[in-house]
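Visitor: Below is the structure I would like to discuss, written out as structure tokens.
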Amino acid sequence: MAFHIAGLSFVLAACHDNPKVEPGSQPYGFEVPANFPVPQENPENPMTKEGIALGRLLFYDVRLSGNNKISCASCHEPKLAFSDGKALGNAGVSGTTLHRHAPALINLAWAGNGLFWDGGSTNLESQAFGPLTAADEMHQDLFELIEELNIVPDYVTRFKAAFNEKITSQNVVKALAQFQRSLVSASSRYDKYRRNEPGGNLSPQELVGLQLVQEKCQGCHVGELFTDHDYHNNGIDADFSNDALEGIFQGRFRVTYKTADIGRFKTPTLRNVALTAPYMHDGRFERLEDVLDHYSEEIKTSSTLDLKLPEKGLKLKAEEKKAIITFLKTLTDQEFITNPEFSRP
């Protein structure tokens, strides 16, 4: 059963270990929730108030797309915990349906083991170049983007304040990364329960669900972040021989070329999971009930099936499934999805 932590948090200063903060910019005091681990900092891109504010503007700016109609927020809506509510989106410039589900953007300051469903990007800075330039997503020419931003005096001033430099594509992705690292979700009812704060009461059924999640799910959905940031074959398919589209259907294998990584995809967080349907890397499950049915009775066996999963499934009882779902809803963070600092400027 979970234990309570006093309702404290501490500030991780952006100048910790003396990362370079540009003249004229103000270090951002990153507040680490009391029940969370301390995240690793990126000394090459220390968070500043100016950098985060700039990243927020860019995140919602349609200039980042080739047709000036699509922003990052087009596929990452705050009210959906920065997901898009679609199995496979088609909001990109080409209108083509994508092959993977748009992930939610939650607690990315702790994401230190690769981004994308297969870990094809090492950090948020390099990750941003993917959707910015992809033909079926934002399809932006980076040289044209810099020209467009330079026309806006406010952007010229803001880039100078944040990075003490002119506008560059490298600083565009740095600003976006800073904003995304600021998207911390730690004010759900579960968190208040863990920190013994007002409003943190869990019902008997929710407590049963919490215990079941700890027993059945936390092999991968670990700790307070509810993810191990690792890659697993969770038995949704048995055949991964389709190597089309540069191996996009083969999971982590397309990055590492290690046989053991065939069919392994990144563990998403369970935080705000009631808001981020549909589920899995291809959005195949519409409801949480479908997800639990899969883990309970529908595991497909293959040579790389994660050893934490019994081949015949978890065999959950109906009341256990209900208790788990009831608990998972306590991970919904209304303060996160309505935080004015995260919304459209």
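Visitor: Given Leu105, Leu88, which one is within 17 Å of Arg271 (Cα to Cα) and either assigned to a loop (DSSP other than H, G, I, E, B) or acidic (Asp, Glu) (or both)?
Guide: Numbers: Leu88 fails: within 17 Å of Arg271 (Cα to Cα).
Exactly one of Leu105, Leu88 is within 17 Å of Arg271 (Cα to Cα) and either assigned to a loop (DSSP other than H, G, I, E, B) or acidic (Asp, Glu) (or both), namely Leu105.
Visitor: Just wondering, is there one or more residues in region 302-310 that are surrounded by fewer than 20 Cβ atoms within 10 Å (Cβ to Cβ), touching a residue at least 24 places away in the same chain (Cβ under 8 Å) and in contact with a His (Cβ under 6 Å, 6 or more places away or on another chain)?
Guide: Checking region 302-310: at least one residue is surrounded by fewer than 20 Cβ atoms within 10 Å (Cβ to Cβ), touching a residue at least 24 places away in the same chain (Cβ under 8 Å) and in contact with a His (Cβ under 6 Å, 6 or more places away or on another chain).
Visitor: Further question on the same structure: Check off (1) buried (at least 18 other Cβ atoms within 10 Å of the Cβ); (2) farther than 16 Å from Thr276 by Cβ; (3) in contact (Cβ under 8 Å) with a residue 60 or more places away in the chain for Lys321 and give me the number that stays unchecked.
Guide: Result: Lys321 passes all but (3).
Visitor: Give the residue, chosen from Lys192, Lys160, that is assigned to a helix (DSSP H, G or I) and farther than 24 Å from Ala53 by Cβ.
Guide: Selected residue: Lys192, the only one of Lys192, Lys160 that is assigned to a helix (DSSP H, G or I) and farther than 24 Å from Ala53 by Cβ.
Visitor: If you don't mind, there's one more thing I want to ask. Which of the residues spanning region 62-82 are open to solvent by less than 50 Å² (accessible area, probe 1.4 Å) and either of a type in the set (A, V, I, L, M) or at pLDDT below 95 (or both)? It would help to see each step written out before you state the result.
Guide: Of the residues in region 62-82, the ones open to solvent by less than 50 Å² (accessible area, probe 1.4 Å) are 64-66, 70-76, 78, 80-82.
Correct list: Leu64, Ile70, Ala73, Leu80, Ala81.
Visitor: Val173 fails exactly one of the following numbered conditions: (1) at positive phi; (2) assigned to a helix (DSSP H, G or I); (3) hydrophobic (A, V, I, L, M, F, W, C); (4) surrounded by 22 or more Cβ atoms within 10 Å (Cβ to Cβ). What is the number of that condition?
Guide: So the condition that Val173 fails would be (1).
Visitor: Cβ-Cβ distance below 6 Å, separation of 6 or more or different chains: which pairs start in region 230-253 with a residue that is small (Gly, Ala, Ser) and end on one that is open to solvent by 40 Å² or more (accessible area, probe 1.4 Å) and modelled with pLDDT of 95 or more?
Guide: These pairs meet every condition: Gly235/Lys300; Ala238/Lys300; Gly247/Arg254; Gly251/Arg264.
Visitor: Name the single residue, out of those in region 116-167 being hydroxyl-bearing (Ser, Thr, Tyr) and surrounded by fewer than 16 Cβ atoms within 10 Å (Cβ to Cβ), that is modelled with the lowest pLDDT.
Guide: Going through region 116-167, the residues hydroxyl-bearing (Ser, Thr, Tyr) turn out to be 121-122, 126, 133, 155, 157.
Narrowing further to those that are surrounded by fewer than 16 Cβ atoms within 10 Å (Cβ to Cβ): 122, 126, 157.
Values: Thr122: 92, Ser126: 95, Thr157: 97.
Filtering region 116-167 for residues that are hydroxyl-bearing (Ser, Thr, Tyr) and surrounded by fewer than 16 Cβ atoms within 10 Å (Cβ to Cβ), the one modelled with the lowest pLDDT comes out as Thr122.
Visitor: Is there a residue in region 241-249 that is among the hydrophobic types (A, V, I, L, M, F, W, C), farther than 19 Å from Tyr295 by Cα and either open to solvent by less than 60 Å² (accessible area, probe 1.4 Å) or touching a Cys at 6+ places or on another chain (Cβ under 9 Å) (or both)? Please lay out each step first, then the result.
Guide: Keep residues of region 241-249 that are among the hydrophobic types (A, V, I, L, M, F, W, C), which gives 244-245, 248-249.
If we keep only those that are farther than 19 Å from Tyr295 by Cα too, we end up with 244-245, 248-249.
Applying the additional criterion that residues be either open to solvent by less than 60 Å² (accessible area, probe 1.4 Å) or touching a Cys at 6+ places or on another chain (Cβ under 9 Å) (or both) yields 244, 248.
Yes, region 241-249 has at least one match.
Visitor: Sort out which residues of region 48-58 are over 11 Å from Leu176 (Cα atoms) and of a type outside the set (D, E, K, R), and write them in order of number.
Guide: Scanning region 48-58 gives a single hit, Thr48.
The values are calculated or read from the model by the stated rules, or taken from the named source; none is laboratory data. The model shown is predicted, which means the values in this text are computed figures rather than measured ones. Glycine gets a Cβ as well: all are built from the backbone with ideal geometry, and neighbour counts include every protein chain shown. Each accessible area value is taken on the protein alone, full model and side chains, heavy atoms only, with ligands, DNA and RNA left out. Shrake-Rupley method; radii C 1.70, N 1.55, O 1.52, S 1.80 Å.
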